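Let me begin by presenting the structure, written as structure tokens, before commenting on it.
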Amino acid sequence: MKCLGIDIGSRTIKLTIMKNGKPIYMHKSLNTYDPINEVKKHLNDVEYDVMLATGYGRSLAQREFNAETVTEIKAFAVGARHLFPECRTILDIGGQDTKAISLNDAGKVVKFEMNDRCAAGTGRFLEVMAKILGYEIDEFGNAALKGDDNIQISSMCTVFAETEVISLLARGEKRENIARALHRAIAKRSSAMLKRVGVIEPVVFAGGVAQNPCMIEFLEEMLDISLVVPEDPQIVGALGAAILAGEK
Amino acid sequence: MADYREMWRSLGIDLESHDNLLDILGKLYGDIYLSQNKRPEGMEYLDFVVSEVHGYRIKELLDAQKVGSKVFGTFCVFVPEELIWAADGICVGLCAGAEIGKGDAEKVLPRSICPLIKSFMGFKLAHLCPYTELCDLIIGETTCDGKKKAFEIFSEFKSTYVMETPQMKREKDYDLWRNEVYKLKEKVEEVTGKEITPERLKSAIKLINDRRRALKRLNKLRREIPVPISGRDALLINQISFYDDPKRFTEKVNLLCDELEKRIERKEGVVSDKTVRVLLAGSPMALPNWKLPGVIESSGAVIVDEESCIGERNIRAMVDESGETMEELIDALVDRYMQIDCACFTPNNERIEHIIQLAKDFKVDGVIHYTLQFCDPYLVESYKVEKALEKEGIPVLRIETDYSMEDVEQLKTRIEAFVEVLR
Ligand code: SF4
Ligand code: SF4
């Protein structure tokens, strides 16, 4: 049986197909203003028997394709445990939200935290800031690694932080130092969220932002642990969804 | 529906915005209420009351005023309404559960203030609430800082009398409150021109106790598995208890309870017995603030009790009915009202004990602790509530939100995930 899991996020759509407990297909693409058609395009390309959707757009998939749904929290829990059977804590920083999830011994979600409403401290925030500083998103983390720890950014609101960054630039501050300060601010916020659910190792770091080396460094330093980062941190939710599709 | 436009106009209502408000309300009600399955038949009365929320009841109140009754508006379950009824007055608990008149409210209030406060100010400044407009007197209180200070501004637009509510529950706080209750009695007598005699007060106490008894009866039925009525409907009944005629309301709720008892005999629930049961605890949920209950009950859970002022906090304690003299009756009122476990008190450990007890009595799978944004008393207290519940092994989810719809998707994700955890 081919089980399809789809994670319809605010920024990207991720898709995984599992057969006999092994992923046989993975795909990622940017989401658009028309998520349904975007999803349709992908579904036309593949074959599957059962389907389960997660992510921000899961209820769209439910309405449109009669798909079963679970929340990202459950999907990430299942996906992370599949990749790392010992995993007890997950930090997921995606396009529009940040989640901290704590699992018990058996892999069941016992507690979670999520940012509410705004995109403060999420992938989207990093993207906006990278743009202001003239970086591509994939070089942003490396640039920040080269910066000095001489300044602090206090604002986590995308709008206010933008103002803060622009005034720092106007003061002649080096852009990699600003980049570093921005990373530190997000890491601080995320580690506080993790601490609220309790940090038990192994801690899996997932979501698009887990590709950012500076975020990893800061988080490891602040939490005083080493993080486990999946080979493709963005696919964890879709993987979990595919596994759950098989169970339903 | 009868044409009430003349009536509204005479009250100074802004008709155009008011039409808009009724439209939104109607649509919201259709989405959240009328779409439910297996609603008890007794909800028809409540549907009627909601459809006539600014119509029939307003007319009743105006008619009562024509023959000399006075109408008092309140914003807190701390105001001993028995005194009002005892003077042939009418008490309406004003709601403030809609994001309406926000622009007007923000002209006089800071942006970061509890939405309930913003809403009552907004309703007044935008001339949208016929209840507020027709009231002869608004009775405020000094519970939380936001409300206390907002009444100073509110009183510029509407005659307002403020009671001082204590913050602790020591001997001298009881004395303070007793004094305030006597002062309110005088004030009510002054406004109504009627003397409050012990006989009248005694029968008013009975009238309001009867309403509490009916609501308690309703809540008791919600302990059953499967639960015979949805949380949304039960919340609505509690919301309407604040402005409907108490006698008629009590009768209707009792009739509804008769129906629910038959359902229970047949083991017929409004949802299946597998549905996740939650207790909703926290800040008040004024009409028509149905956002969170709507999200919860469309995420595979059912709310089986409300630990809030529109719920348990308003009906838990009863006034002792045995007093004969004025002194005894007032003491009975003082004792009853001082049992309210509002987060404005410090310490407020009894609230935590109550929540744990309710969670057990109603056999809930988890507790959702709800706070209105910027409501410091409940927000700060939620930390202790969470700790205590976790110690008891009762899962809890803390939600902080306001009346706007912009966070509905995020709320859905968090609540669905909580339900997944509880399943
Ligand atoms: S929460 Fe407290 S202040 Fe607010 S209505 Fe209830 S008793 Fe009054
Ligand atoms: S909800 Fe909280 S902040 Fe708002 S009026 Fe009531 S006690 Fe005050």
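A few notes on this one:
- Shielded residues, the range B:381-423 - accessible-area loss of 50 Å² or more between chain alone and all protein chains, probe 1.4 Å: B:GLU409, B:GLN410, B:THR413, B:ARG414, B:GLU420, B:VAL421
- Assigned charges on the beta-carbon of Lys, Arg, Asp, Glu; the range B:44-87 dipole about Cα centre (debye): 280
- Using a 1.4 angstrom probe on protein heavy atoms only, the contact between B and A buries about 1600 square angstrom of accessible area, both sides summed.
- Sparse-neighbour loop sites [GluC sites (Glu not before Pro); the range A:1-72; at most 10 other C-beta within 10 Å; DSSP]: A:GLU47
- C-alpha center-to-center spacing [the range A:139-155, the range A:49-103] in angstrom: 31
- Cα-centre dipole for the range B:341-418 with unit charges at Cβ (Lys and Arg positive, Asp and Glu negative), debye to 20: 260
- Counting only aspartates and glutamates at least 8 places from B:LYS262 when in the same chain, those with an alpha carbon closer than 14 Å to its own are B:GLU41, B:GLU224.
- Temperature 37 °C, viscosity 0.692 mPa s: under these conditions the Stokes-Einstein estimate for chain B, based on its Kirkwood radius over C-alpha pairs, is 150 µm² per second.
- Sparse-neighbour loop sites [GluC sites (Glu not before Pro); the range A:171-248; at most 12 other C-beta within 10 Å; DSSP]: A:GLU231
- Relative intensity, log₁₀ I(q)/I(0), of the range A:90-229 from a Debye sum that treats every alpha carbon as a point, q = 0.19 Å⁻¹: -1.05
- Top positive-direction residue, dipole computed over the range A:90-229 with Cβ charges, set A:GLY134, A:ASN177, A:GLY94: A:GLY94
- Its alpha carbons give the range B:5-201 an Rg and a Dmax of 18.1, 52 Å.
- On the protein assembly as shown, 49 percent of the accessible area sits on carbon and sulfur atoms, based on a 1.4 Å probe.
- Comparing the full protein assembly with the isolated chain, the residues of the range A:59-95 losing at least 40 square angstrom of accessible surface (1.4 Å probe) are A:THR71.
- Centroid-to-centroid, using Cα positions, the range B:1-43 and the range A:196-248 are 48 Å apart.
- A 1.4 Å probe run over the protein chains yields, for the range A:90-229, 43 Å² of accessible area per residue, whole-number rounding.
- When each of A:LYS111/B:LYS391; B:LYS206/B:LYS291; A:LYS108/A:LYS195; B:LYS185/B:LYS220; B:LYS169/B:LYS291; A:LYS111/B:LYS360 is checked by Cα-Cα distance, pairs over 23 Å: B:LYS206/B:LYS291; B:LYS185/B:LYS220; B:LYS169/B:LYS291
- Debye log10 I(q)/I(0) at q = 0.17 Å⁻¹ for chain A, Cα point scatterers: -1.20
- Distance-filtered residues of the range A:11-43 - backbone nitrogen under 20 Å, label point 7 angstrom along A:ASP138 Cα→Cβ: A:11-15, A:26-32
- Surface listing: B:TYR45, B:TYR383, A:TYR33, B:TYR378 arranged by accessible area from highest to lowest gives A:TYR33, B:TYR383, B:TYR45, B:TYR378, probe 1.4 Å.
- Calculated SAXS-style log₁₀ I(q)/I(0) at q = 0.12 Å⁻¹ - the protein assembly as shown, Debye, Cα scatterers: -1.29
The values are calculated or read from the model by the stated rules, or taken from the named source; none is laboratory data. Just so you know, these numbers come straight off a predicted model, no measurement behind them. Note that we place each Cβ from the backbone using ideal geometry, even for glycine, and neighbour counts take in every protein chain shown. SASA here: full protein model, heavy atoms, side chains in, ligands and nucleic acids out. Shrake-Rupley method; radii C 1.70, N 1.55, O 1.52, S 1.80 Å.
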